[in-house]
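In what follows, a structure is listed as structure tokens, so that the remarks can point back to it.
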Amino acid sequence: MRLLIRNGRAIDPATGLDAKRDVLIDGASIVAIEPRIECPDARVLEAEGQIVAPGFVDIHVHLREPGIEHAETIESGSRAAAAGGFTSVCCMPNTFPVNDSAQVTSFIVERARRTAAVHIHPIGAISKGSKGERLADIGAMHAEGAVAISDDGIPVMNSGLMRRAMKYAASFGITVIDHCEDLNLSCGGDIHEGIQSMRLGLGGLPSCAEDVMVARDIILAADTGARIHIAHISTASSIAMVRHAKSLGIPVTSEVTPHHFALTDERIPGYDSNFKMKPPLRTQRDIDASIEGLADGTIDCIATDHAPHTGHTKMQEFERCPFGVTGLETALGLALENLYHTGTMDLPRLVQLFTNAASDCLGLDHGRLRPGREADVTLFSTEREWTFSVNNTLSKSRNSPFDGTEFRGGPTATIVSGEVVWTAEEGLVKR
Amino acid sequence: MLERLAPDLHSIGPNPRNLLGIEDLQRPEIEHLLERGRFYKAVRRTEKLTTLRGRSIVNLFFEPSTRTRTSFEIAAKRLGADTISISALGTSLAKGESLVDTLNTLAAMNPDIIVMRHAASGAPHFLSRYLSTAMINAGDGLHEHPTQALLDALTILEVKGSLVGLRVAIIGDIAHSRVARSNLHLLSKFGADIVVCGPATTVSRNLTRLGPGIRLTHQMREAVRDADVIMMLRVQLERQNVEVFPKGEYFRYYGLSLEHVGLAKPDAIVLHPGPINRGREISSEVADSQRSMILSQVENGVAIRMAVLEWVCEE
């Protein structure tokens, strides 16, 4: 089965390709990328006016399986990923049970093989049960397919354990991802500590709770030489510290979520829990720093932190609602709106943030558009006008702050291992 | 395609008039409420009114309350309304029902007004999105306590005549006080000159951004000097997740004594929302002095709540 993507603007940030090209796929592989390809027996996907990019990679999602399947499953989450243009996602270990063992890792890999629309890479826990006490079976999880380790929402407070985890993970060549939050500084907080938390009478999550841990992690990376990846960076100070660390050659990388560069705490409508997440929405100054960081490479990639929660858990008193918002389907639209249409960056850089740069943070073999590579391809338009509605989401959950948002530009087709799994016109194609 | 079962819960019925906070009110609305409060205070207590005859009011208190609940009940009864008071302990929330479901159930019985107190900031705001019944906020978490600010304003105005340029010191654990927030909004809207005072762990710079005319100090003497009004707050240890001051020495630095009252203007008055903790934030001598308006506040509370009940029922 051959597929010819014709007349698109092909962008491969890894090689610097940015030109009108036809892309020929045979089976699961890209076989040719040429100015003009004739292949009469191939199925043709017309991409005139669209961008043909390497398949997008999201290194930070929550798929809730096993254990919280009423909020999301590997199947539903992977479909939402496909609808967002993502061909590979990495899922965090905060499931029930926690992915802290080879058994849970292999369960996720097996479920993904049977039900997922895109490639799924599990992230294992740093500590047993993410309790921050003893190291999880990092080597065994890695052997079953875990691509990194993290205690994500329940971060390791014990710096000694963190240091050992970084050293140990380095011996398997995998990266430690840290959700930087000093739990003693953030305790009881609901939104960013500032004028809004004061106005609304909600507990504050101060910027310093993130900054203290980013500083610690940079110091530990310098000390151990092991790689650390800062998840969902959100403060101007943390971004400045990462920039400085990179200038010193310390092996640190970072990601930012679309909601953190699109919204401030002042945009939270009265106690709407679809705007409640960690780290919290911060200030315009922090947004400006994020966008600057994305442009100059301090921030390596965009990741969604897609965090589905059921309606009933989000429809409570604000302080009782869980943290997190969905994000897979709105990520590209938000990036185009806030980074490209504003003139801040060109398309090759924007594509890079979703593809090879994201992949490289964890040393994955994704994010390249090149003959001989796996045929994971994302087609998108910078102009297509569409409106996101939680009534049409492919996620099982509806907790998005962007319900009703009108977008200019978004994915048009998602191809995973040579198979068209989703198109803007037809929706989910693969069963 | 997944089947969508979640109902569209928005905009059920006509939008009722709510009183959720002082921040959302315009000055003329506040002036109207104060004027009606003054009117009801002047009405002879023995007279039973018919303003809200046939109306039913549910008082739903998810936190302990004596004065606010009693005050709302008396206000409703004087206006001729039927009232039902429910405290959280006896409700189906104890059986695991969500707050939205409990309120929807009550709303289905068609009361005219729900008066609610809840420990979570924003609980009435969140519920009002799903309810077509008028709602009055009788205190939500750390956020607002609008009828308290209105009755405080009425009390001050009875003595001082105007709020413009009035020096008001608000002293105590500001960050954890819904009374302070509502008062800051009201006093700021009316041009008062406000000093908030407490240890830096409870008084942050962000407070000055709530409105114009708000200053900070951590020194009690500075706060009370030349004040026209001294507003004390109750120390609410139950609202602090973590200790924000060592409670043993609180009175020494932030408790109101006669000496402090001496630094204020000669005709200065002292307010406290109650219940008072004698010897913790206020000395007995001050609480029982002529300067203390505490009982006058309680009396005005009934009048203001009559005004508020009437207002939310207006077409």
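The values are calculated or read from the model by the stated rules, or taken from the named source; none is laboratory data. Because the structure is a prediction, the values reported are computed rather than measured. Note that we place each Cβ from the backbone using ideal geometry, even for glycine, and neighbour counts take in every protein chain shown. We work out accessible area using only protein heavy atoms, side chains counted, and drop any ligands, DNA or RNA first. Shrake-Rupley method; radii C 1.70, N 1.55, O 1.52, S 1.80 Å.
Some notes on this structure:
- Hits in region A:391-418 - residues which are in contact (Cβ under 8 Å) with a residue 60 or more places away in the chain and not in a loop (DSSP other than H, G, I, E, B): A:407, A:408, A:409, A:410, A:411, A:412, A:413, A:414, A:415, A:416
- Per-region count, region B:277-309, residues more than 12 Å from residue B:72 (Cα to Cα) and in contact with a Ser or Thr (Cβ under 9 Å, 6 or more places away or on another chain): 8
- Residue check for residue A:245: modelled with pLDDT of 95 or more and farther than 30 Å from residue A:341 by Cα: yes
- Verdict on residue A:267 being more than 24 Å from residue A:93 (Cβ to Cβ), within 14 Å of another protein chain (Cβ to nearest Cβ) and surrounded by fewer than 24 Cβ atoms within 10 Å (Cβ to Cβ): no
- For the residues A:390, A:421, A:416, the requirement of being more than 19 Å from residue A:74 (Cβ to Cβ), among the hydrophobic types (A, V, I, L, M, F, W, C) and either crowded, with 21+ Cβ neighbours inside 10 Å or within 14 Å of chain B (Cβ to nearest Cβ) (or both) singles out A:390.
- Test for residue B:193: is it acidic (Asp, Glu), over 30 Å from residue B:115 (Cα atoms) and either within 14 Å of another protein chain (Cβ to nearest Cβ) or buried (at least 17 other Cβ atoms within 10 Å of the Cβ) (or both): yes
- Subset of region B:124-155 (residues that are crowded, with 24+ Cβ neighbours inside 10 Å, among the aliphatic types (A, V, I, L, M) and either away from every other protein chain (no Cβ under 14 Å) or over 15 Å from the mean Cα position of the chain (by Cα) (or both)): B:127, B:136, B:138, B:150, B:151, B:153
- Taking region B:96-123 as the range and being among the aliphatic types (A, V, I, L, M), more than 7 Å from chain A (Cβ to nearest Cβ) and under 23 Å from the mean Cα position of the chain (by Cα) as the test, the residues that pass are B:103, B:113, B:114, B:115, B:116, B:119.
- Number of positions in region A:185-219 that are surrounded by fewer than 22 Cβ atoms within 10 Å (Cβ to Cβ) and either more than 14 Å from chain B (Cβ to nearest Cβ) or farther than 30 Å from residue B:125 by Cβ (or both): 5
- Of everything in region A:294-318 that is within 14 Å of chain B (Cβ to nearest Cβ) and modelled with pLDDT of 95 or more, the residue that is surrounded by the most Cβ atoms within 10 Å (Cβ to Cβ) is A:308.
- Candidates A:162, A:157 - the one that is assigned to a loop (DSSP other than H, G, I, E, B) and out of contact with any Ser or Thr (no Cβ under 7 Å at 6 or more places or on another chain): A:157
- Screening A:288, A:272 for residues that are more than 14 Å from every other protein chain (Cβ to nearest Cβ) and surrounded by fewer than 24 Cβ atoms within 10 Å (Cβ to Cβ) leaves exactly one candidate, A:288.
- Listed by position, the helices (runs of 4 or more DSSP H) enclosed by region B:247-311 that each have at least 1 residues that are of a type in the set (Lys, Arg), out of contact with any Leu (no Cβ under 7 Å at 6 or more places or on another chain) and open to solvent by 20 Å² or more (accessible area, probe 1.4 Å) are B:250-254.
- Residue B:174 being within 13 Å of chain A (Cβ to nearest Cβ) and open to solvent by less than 10 Å² (accessible area, probe 1.4 Å): yes
- Within region B:271-290, the residues that satisfy the criterion of being in contact with a helix residue (DSSP H, G or I) (Cβ under 8 Å, 6 or more places away or on another chain) and either within 23 Å of residue B:56 (Cα to Cα) or free of Cβ contacts under 8 Å to residues at least 40 places away in the same chain (or both) are B:278, B:279, B:283, B:285, B:286, B:287, B:289.
- Filter pass, residue A:134 being touching a Lys or Arg at 6+ places or on another chain (Cβ under 9 Å), of a type outside the set (Ser, Thr, Tyr) and either under 21 Å from residue A:65 (Cα atoms) or open to solvent by 60 Å² or more (accessible area, probe 1.4 Å) (or both): yes
- Residues of region B:223-242 that are more than 14 Å from every other protein chain (Cβ to nearest Cβ) and open to solvent by 50 Å² or more (accessible area, probe 1.4 Å): B:225, B:226, B:234, B:237.
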